[in-house]
Amino acid sequence: MNGPHDLGGQMGFGPVAPEKDEPYFHAEWEKRALGLTLSGGALGGWTIDESRHARENIPPAQYLGASYYEIWIRALEVLLERHGFAARTEIDAGRKQMEPAVPKRILKADMVAGVLARGGPCDRPVESEPRFQPGDQVRTRNFNPETHTRLPRYARAKTGVVEAVQGSFVFPDDNAHGKGENPQWVYTVVFDGPEIWGEGADPTLTVSIDAWESYLERV
Amino acid sequence: MSTHNHHHHDHDHDYGHGHDHDHDNRYSDMQARVKALETVLTEKGLIDPMAIDAIVDTYETKIGPRNGARVVAKAWSDPDFAAWLRTDATAAIASLGYTGRQGEHMRAVFNTPDTHNLVVCTLCSCYPWAVLGLPPVWYKAPAYRSRAVIDPRGVLAEFGLILPETKKIRVWDSTAELRYLVIPERPEGTEGLGEEALADLVSRDAMIGTAIAGPRP
């Protein structure tokens with residue numbers, strides 16, 4: 001979707017503001033927000049792709065004004081309600097009002113080290129051979145789906161070169177919507193700055209994206 | 001902890017409660033909202049507050065940019081390890097004990113005299129947690145995410161890094177599940193240093209690409 005999250009090339013946000021000796025958290029609630037987001041994901045009700053799409057669906061004015069932990073929490077509330085774990089009315093009231101859906105698992109303290117060390121690999125085998133090889137010229141598709149995609153707007157309908165075949169991975173455009181993992185080959189595709197940004201672009205700049213095979217057409 | 005820290009833009013927001021709030025209210029609102037969420041989920045038996053404590057402790061004390069700095073120092077010191085990083089960064093990094101969440105599929109990208117690498121996630125906040133820990137606020141904020149791909153030299157200048165005009169810049173937008181670690185160039189005059197001393201020269205920002213390696217200013 002062409003949501004507020006798709007920020008590459010947008011203007012008007014001012015300078016980057018690095019904070020010297022920045023702490024990991026700026027408030028206690030940010031710590032709880034991190035833990036709640038990971039614990040919520042562990043319930044097994046949704047995938048990382050669905051959670052990203054929930055964040056993208058936060059209304060633009062709210063998204064662009066929020067810190068990232070706030071974005072996580074706003075999306076988590078939506079996901080918890082969608083999957084029957086907690087209703088908004090309960091969160092507003094701050095107390096349990098109904099029995100939740102049955103989770104696949106509950107993340108307990110003694111599981112945390114193992115869960116974090118394992119992570120959630122999303123490479124999956126595919127039966128087909130890669131359609132493209134390093135050095136191939138490719139053009140990204142031009143589309144504007146209302147659903148989840150990981151092809152940024154700035155990199156649509158652009159010509160680049162395949163630099164690497166990176167393996168085969170869960171296809172987020174499907175997986176975010178419960179349509180299955182449907183893995184595809186993923187390629188690193190490099191674009192010259194002027195191909196993306198046109199007149200006045202920095203000629204010393206190249207930008208790469210990691211693109212699922214169905215984002216690409218042979219030139 | 002303070003509820004008076006400000007990390008937002010300097011204008012008011014309406015964020016769904018039907019009336020505007022100033023920033024002190026915004027921060028304390030989030031504190032109340034997150035507290036309510038934790039209370040409800042705990043009452044429902046869906047979360048373990050001790051697990052949250054353990055997650056926070058992990059990223060405050062165990063997993064941070066020192067991990068990545070050790071990877072870089074070893075790459076500088078051991079050509080075989082550097083070669084392994086180029087061909088299978090996930091395995092090479094795992095051999096040092098750094099694995100797991102947001103480090104499942106690692107790629108190491110090496111700065112050279114000709115090319116400087118810079119990593120961004122324009123679409124969200126993808127970041128190599130296993131080697132760098134949690135990302136800084138600026139990495140997840142619109143200014144960096146919007147400009148890193150179109151004006152990387154301007155962004156780097158805001159970090160105090162002015163690159164020669166002839167130096168090529170390669171920006172890696174983390175649009176899939178690969179997570180990128182920049183291997184900065186080894187500073188001159190460091191031939192005699194061991195790996196721990198070398199790691200001291202490698203900042204978090206040098207491994208994102210918004211700095212180069214060297215003594216802390």
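Over the protein assembly as shown, dividing the summed -39,500 (n - 2.57) contributions of all DSSP H runs of at least 4 residues by the number of residues returns a 222 nm mean residue ellipticity of -9500 deg cm²/dmol. Relative to the longest principal axis of the Cα atoms of chain A, helix A:68-82 runs at roughly 70 degrees. If the cut-off is 26 Å between C-alpha atoms, which lysines fall inside it for B:Lys168, apart from same-chain ones fewer than 8 positions away? Partners found: A:Lys158, B:Lys74, B:Lys140. Counting only residues at least eight positions apart within a chain, or on another chain, the aspartates and glutamates with an alpha carbon under 18 Å from that of A:Lys108 are B:Glu38, B:Glu43, B:Asp48, B:Asp53, B:Asp57.
Taking the protein assembly as shown on its own, what percent of its Cα-Cα pair distances exceed 36 Å? Write out the running numbers ahead of the final one.
Numbers: 23723 of 94830 pairs.
Roughly 25 percent, rounded to a whole number.
Among the residues of A:124-134, the average count of other protein chain beta-carbon atoms within 10 Å of the residue beta-carbon is 0. Ordered by solvent-accessible area of protein heavy atoms (1.4 Å probe), largest first, the residues A:Glu70, A:Glu50 come out as A:Glu50, A:Glu70.
Inter-label distance, A:Glu99 to B:Lys168: 6.3 nm, where each label sits 7 Å from its Cα along the C-beta direction.
Within segment A:3-37, none of the chymotrypsin sites (Phe, Trp or Tyr not before Pro) combine a DSSP coil assignment with at most 11 other C-beta atoms in a 10 angstrom radius.
Look at where the Cα atoms of segment B:101-144 and of segment A:184-202 average out, and the two centres are 18 Å apart. The alpha-carbon of B:Lys35 sits under 18 angstrom from the alpha-carbons of these lysines, leaving out residues fewer than 8 places away in its chain: A:Lys31, A:Lys96, B:Lys44. Other protein chain C-beta atoms within 10 Å of residue C-beta, averaged over A:187-196: 2.
If a helix is a whole DSSP H run, which ones in chain B reach 27 Å or further along their own axis (Cα) and hold a mean Kyte-Doolittle hydropathy of at least 0.5?
none
May I ask you to list the residues of segment B:35-53 whose amide nitrogen lies under 19 Å from a point 7 Å from Cα along the Cα→beta-carbon direction of A:Ala109? Once the point is set 7 Å along Cα→Cβ of A:Ala109, B:38-53 turn out to lie under 19 Å by backbone N, inside segment B:35-53. DSSP beta bridges fully contained in the protein assembly as shown are about 60 percent antiparallel. Between B:Asp57 and B:Glu185, the distance separating the two model label sites (each 7 Å from Cα on the Cα→Cβ line) works out to 4.4 nm.
Taking GluC sites (Glu not before Pro) across segment B:132-194, the ones in a DSSP loop with at most 12 further Cβ atoms lying within 10 angstrom of their Cβ are B:Glu165, B:Glu188, B:Glu191. For the residues A:Met111, B:Met207, a 1.4 Å probe over the protein chains yields an accessible-area ranking, largest first, of A:Met111, B:Met207. Taking all protein chains as shown and a probe of 1.4 angstrom, B:Asp80 keeps an accessible surface of around 120 Å². Among A:88-98, A:160-170, B:145-155, the peptide with the highest mean count of other Cβ atoms within 10 Å heads the list, and the full ranking is B:145-155, A:160-170, A:88-98.
Of the GluC sites (Glu not before Pro) found in segment A:175-219, the ones in coil according to DSSP and having at most 12 other Cβ atoms within 10 Å of their Cβ are A:Glu199.
The values are calculated or read from the model by the stated rules, or taken from the named source; none is laboratory data. Quick caveat: nothing in here was measured; it's all calculated off a predicted structure. Note that we place each Cβ from the backbone using ideal geometry, even for glycine, and neighbour counts take in every protein chain shown. For accessibility, only protein heavy atoms count, side chains too; no ligands or nucleic acids. Shrake-Rupley method; radii C 1.70, N 1.55, O 1.52, S 1.80 Å.
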